[in-house]
Amino acid sequence: MSLFDLRLQDVHNKLSQKELSVTELVDESFARIKATEASIQAFLTLNEEGARLHAAELDKQLQAGAERGLLFGLPAGIKDNIVTEGLRTTCASQFLDNYNPIYDGTVVSKLKSAQSVTIGKLNMDEFAMGGSNENSSYYPTRNPWNTEYVPGGSSGASAASVAAGQVYFSLGSDTGGSIRQPAAYCGIVGLKPTYGLVSRFGLVAFASSLDQIGPLTKNVEDSAFVLQAIAGYDAKDSTSANVSIPDYTSALTGDVKGLRIAVPKEYLGEGVDPKVKEAVLNALKVYESLGATWEEVSLPHTEYAIAAYYLLASSEASSNLARFDGVRYGVRADNPANLIDLYRKSRSEGFGPEVKRRIMLGTYALSSGYYDAYYLKAQKVRTLIKQDFDQVFEKYDVVIGPTAPTAAFKLGEQVGDPLTMYLNDICTIPVSLAGVPAISIPCGQAEGLPIGLQIIGKAFDESTVLRAAHAFEQNTEFHKLRPQL
């Protein structure tokens, strides 16, 4: 059994009793990477020298009996759109191929305070734009359950690295489902917190009103531990919420008796694979056996979510990515005729096709004469979608449905059909537009590939989401399944 299969509390106990060292944990991580990376391709940059030095330092603290942080000694992977001081951060784009940040994002600083060890930076769709990891400008990451299939995206490598046992946990970012969908495809736990709960300072912006950082872990308990470490107000992020942070692990009671569950009919309708629907209905039976109740409800504006999302996210992307012009950041084109030519050549050479597609869509939606027709209308639809959730949460504690309509698809199968690719996010995008928290946990399999169950909660009520997820997990075996590599 891998050291990474141990519960977090068991790792702590072994460290305390000197039965295990941080160096051994880090050795386990790099040994696993060496054994599996050729087939998974999860990492863009490894931090082997830095990680080993950090591990040795932590071992000295351990021997000296120093106080240990919440995630002491645990090897972690960081998605490559979260800046790390002195460690290359590319966003999987050639534009930032040579970018070495001079500061840490707030979540990275918090993980350092919690004394976890950064193993390296994880692959992703370029600038987080994609749902399969095939838009990375370096190479696609592969699904550990079947390397002919995608791991999801854009945090595909964050999910694949945990599923493959390369790291104990990882951080990803979620704009329209980029933590939850890859977690579902790779059979692990992925949590998108409420917008504003976790600081975005140091996250390279894609769509600022939607982006959110969250943990990817093997189980719900680990997710609660990591969330505890990274949540909280940050004055460096103007959208950070100044709310009290509860003890998330205290919510993991296993008791869901009386929990009121809403199941949107739109999430189990046309386009949902029958095996996915069956897995979700079986999960609801588990909840019934534990004393929870469920009813079918309607989120009537769900059908407009994808159109609204791609207008809003692309519009924000066209604005956020305007800073990448070859002058200050990243790649600079050779021999430009003038300044305008420098901008044009640098952006043409630096961005990949999906990023260009979204910049053009967003720029068009924001242009004079079209703003009211597209961007403003999409904002109004977003409000209607949020109101749908508000009304449901007046009567119910959580909303449950599939994370994605299908299990993972084959590499190359949808890369030439962006509209089909976008539709994979139909169950996750409404949650992002509403800004509420949601978690994906394993709930079944289809042809040997994992299926994810999505549990959605009220804003800043991560405790109930984690409680519901943990109760299901403790009464099923899906989270114990591991891919054979």
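Whole-Hz Karplus values for region 255-266 come out as 9, 10, 4, x, 5, 9, 10, 9, 10, x, 5, 5 Hz, taken residue by residue from phi with 6.51 cos²θ - 1.76 cosθ + 1.60 and θ = phi - 60°; glycine and proline positions read x. Kirkwood hydrodynamic radius computed over the chain comes to 22.3 Å, based on all pairs of distinct alpha carbons.
With 0.36 nm allotted per residue and the present C-alpha distance subtracted, the residue 27-residue 379 stretch has 121.8 nm of extension available.
Just so you know, the Cα atoms of region 96-145 work out to an Rg and Dmax of 13.6, 37 Å.
For residue 294, the residues whose modelled amide H falls within less than 5 Å of its own, excluding neighbours fewer than 5 places apart on the same chain, are 261.
Based on every Cα atom in region 62-138, Rg and the maximum pairwise Cα distance Dmax equal 14.5, 47 Å. Between residue 360 and residue 327, with labels modelled 7 Å along Cα→Cβ, what's the label distance in nm to one decimal, could you check? Using points 7 Å along Cα→Cβ, the separation is 2.5 nm.
Atom-type composition of the exposed protein surface of region 355-402 places 56 percent of the accessible area on carbon and sulfur (1.4 angstrom probe). Summing Lys and Arg as +1 and Asp and Glu as -1 over all other residues whose Cβ lies under 10 Å from the Cβ of residue 82 gives a net charge of +1.
Measuring against 29 Å, Cα to Cα, the residue pairs 112/386; 79/356; 275/480; 285/395; 110/380 contain 112/386; 110/380 as the ones spanning a longer distance.
Using only side-chain charges placed at the Cβ, +1 for Lys and Arg and -1 for Asp and Glu, the dipole size of the chain relative to its Cα centre rounds to 500 debye.
3J(HN,Hα) couplings calculated from phi for region 295-308 with the Karplus curve 6.51 cos²θ - 1.76 cosθ + 1.60 (θ = phi - 60°) are, in sequence order, 9, 6, 10, 10, 10, x, 9, 4, 5, 9, 5, 5, 4, 5 Hz; Gly and Pro show x. Distant-in-sequence amide contacts of residue 233, defined by a placed amide H-H separation under 5 Å and a gap of 5 or more residues or a different chain, comprise 243. In the context of the full set of protein chains, the chain has a per residue accessible area of 38 Å² (1.4 Å probe).
When you restrict to C-alpha pairs under 8 Å that are six or more residues apart and normalise by the size of region 149-270, the relative contact order lands at 21 percent.
Placing R0 at 22 angstrom, the Cβ-Cβ distance between residue 481 and residue 245 gives a FRET efficiency of 0.10 after rounding to 0.05. Within the chain, antiparallel bridges make up roughly 65 percent of the DSSP beta bridges whose residues both belong there.
Subtracting the Cα-Cα distance of residue 139 and residue 367 from their residue separation scaled by 0.36 nm leaves 78.7 nm. Which shape class, rounded, prolate or oblate, goes with region 27-75 when its Cα gyration tensor gives a ≥ b ≥ c as root eigenvalues, a/c under 1.5 marks rounded, and past that a/b bigger than b/c marks prolate? Because a/c hits 1.5 or more and a/b exceeds b/c, region 27-75 counts as prolate.
Shown in residue order for region 230-238 are the 3J(HN,Hα) couplings computed by the Karplus curve 6.51 cos²θ - 1.76 cosθ + 1.60 at θ = phi - 60°: 9, 7, x, 5, 9, 5, 7, 10, 5 Hz (x for Gly and Pro). Applying a DSSP loop filter and a limit of 16 other Cβ atoms within 10 Å to the chymotrypsin sites (Phe, Trp or Tyr not before Pro) in region 203-295 leaves 233. Length gained on full extension, residue 17 to residue 339: 109.7 nm, using 0.36 nm per residue less the C-alpha separation. The protection proxy used here, the mean number of other Cβ atoms lying within 10 Å of each residue, ranks peptides 69-78, 97-106, 333-342, 13-22 as follows, highest first: 69-78, 97-106, 13-22, 333-342. Note on residue 445 and residue 285: with the Förster distance fixed at 22 Å, the Cβ-Cβ geometry gives a FRET efficiency of about 0.85.
The values are calculated or read from the model by the stated rules, or taken from the named source; none is laboratory data. What you see is a predicted model; the values in this text were computed from it and never measured. In this analysis, Cβ positions are derived from the backbone assuming ideal geometry, glycine residues included, and neighbour counts consider all displayed protein chains. Just the protein is used for accessible areas: all its heavy atoms, side chains included, with ligands, DNA and RNA removed. Shrake-Rupley method; radii C 1.70, N 1.55, O 1.52, S 1.80 Å.
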